[in-house]
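The values are calculated or read from the model by the stated rules, or taken from the named source; none is laboratory data. Keep in mind it's a predicted model, so treat the numbers as computed, not measured. FYI the Cβ positions are ideal-geometry reconstructions off the backbone, even for glycines, and counts take in every protein chain you see.
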Amino acid sequence: MAKTKKLLNYAALGAGFVILVVAVAFGVHAVAHKQLTSDTVARGSCNNQTGATYTATVKNDVVTPNHIDAKQCDTLIIVNQDSTVRAMAFGLHENHTPYDGVTEKILRQNQSLSVTLVQTGNFRFHDHEHDEVQGTFSVTKR
């Protein structure tokens with residue numbers, strides 16, 4: 001009986017250790033892949049500011065420019081010039097993160113999506129179906 005109780009204690013201890021390791025792993029993953037910061041302006045507050053407009057063009061499976069530096073309240077437009085239909089998404093592949101309310105948008109040839117750059121930080125966008133087609137942008141305070 002004492003041996004059984006001891007085995008059960010070891011099993012409970014082992015299960016607790018596994019749960020702790022999983023929780024720590026998820027926490028590290030979340031911190032490592034966090035892309036949005038808490039420094040966000042309300043979308044409506046940008047209406048009175050005229051910011052720059054940046055265009056990232058997808059052509060021949062390449063995003064040009066592949067990185068954009070912008071300020072809060074600027075605009076980013078992503079244009080698909082390829083005949084390939086694009087599922088443009090924000091965040092890492094398989095871990096999409098909404099930016100300005102957009103998580104993923106289908107773009108046919110010559111279609112575009114536009115977002116107001118309200119959140120500061122470093123961000124990524126990609127074609128969900130062809131994730132090698134990707135670009136990044138950084139947004140700093142105005």
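Taking the criterion of being surrounded by fewer than 17 Cβ atoms within 10 Å (Cβ to Cβ), β-branched (Val, Ile, Thr) and over 19 Å from Lys59 (Cα atoms), the residues of segment 100-124 that qualify are Val102, Thr103. Each residue in segment 92-114 was checked for being part of a strand (DSSP E or B) and closer than 18 Å to Gln81 by Cα, and 7 of them qualify.
Out of all the residues in segment 115-136, which are of a type in the set (D, E, K, R) and in a strand (DSSP E or B)? Let's see the steps before the verdict.
From segment 115-136, those of a type in the set (D, E, K, R) are 124, 127, 129, 131-132; that's our starting set.
Correct list: Arg124, Asp127.
Would you check if there is a residue in segment 31-42 being assigned to a helix (DSSP H, G or I), closer than 21 Å to Phe123 by Cβ, modelled with pLDDT under 80 and over 17 Å from the mean Cα position of the chain (by Cα)? Taking every residue of segment 31-42 in turn, none turns out to be assigned to a helix (DSSP H, G or I), closer than 21 Å to Phe123 by Cβ, modelled with pLDDT under 80 and over 17 Å from the mean Cα position of the chain (by Cα).
Given Val118, Val79, Val133, which one is in contact with a strand residue (DSSP E or B) (Cβ under 7 Å, 6 or more places away or on another chain), of a type outside the set (S, T, N, Q) and closer than 22 Å to Gln49 by Cα?
Working: Val79 fails: closer than 22 Å to Gln49 by Cα; Val133 fails: closer than 22 Å to Gln49 by Cα.
From the options Val118, Val79, Val133, the qualifying one is Val118.
Only one entry in Ala87, Ala70 is part of a strand (DSSP E or B) and either closer than 19 Å to Gln49 by Cα or within 11 Å of the chain's Cα centre (by Cα) (or both), namely Ala70. Close contacts from segment 57-77, counting a first residue that is farther than 19 Å from Gln111 by Cβ and touching a residue at least 12 places away in the same chain (Cβ under 8 Å) and a second that is surrounded by 12 or more Cβ atoms within 10 Å (Cβ to Cβ) and polar (S, T, N, Q), with Cβ to Cβ under 6 Å and a gap of 6+ residues or different chains, come to His67/Thr136; Asp69/Ser138; Lys71/Thr140; Cys73/Gln49. Comparison of Arg86, Arg108, Arg124, Arg142 shows that the only residue that is among the basic types (Lys, Arg) and touching a Phe, Trp or Tyr at 6+ places or on another chain (Cβ under 8 Å) is Arg124.
Within segment 102-141, the set of residues being under 15 Å from Leu76 (Cα atoms), among the basic types (Lys, Arg) and touching a residue at least 60 places away in the same chain (Cβ under 8 Å) comprises Arg124 only.
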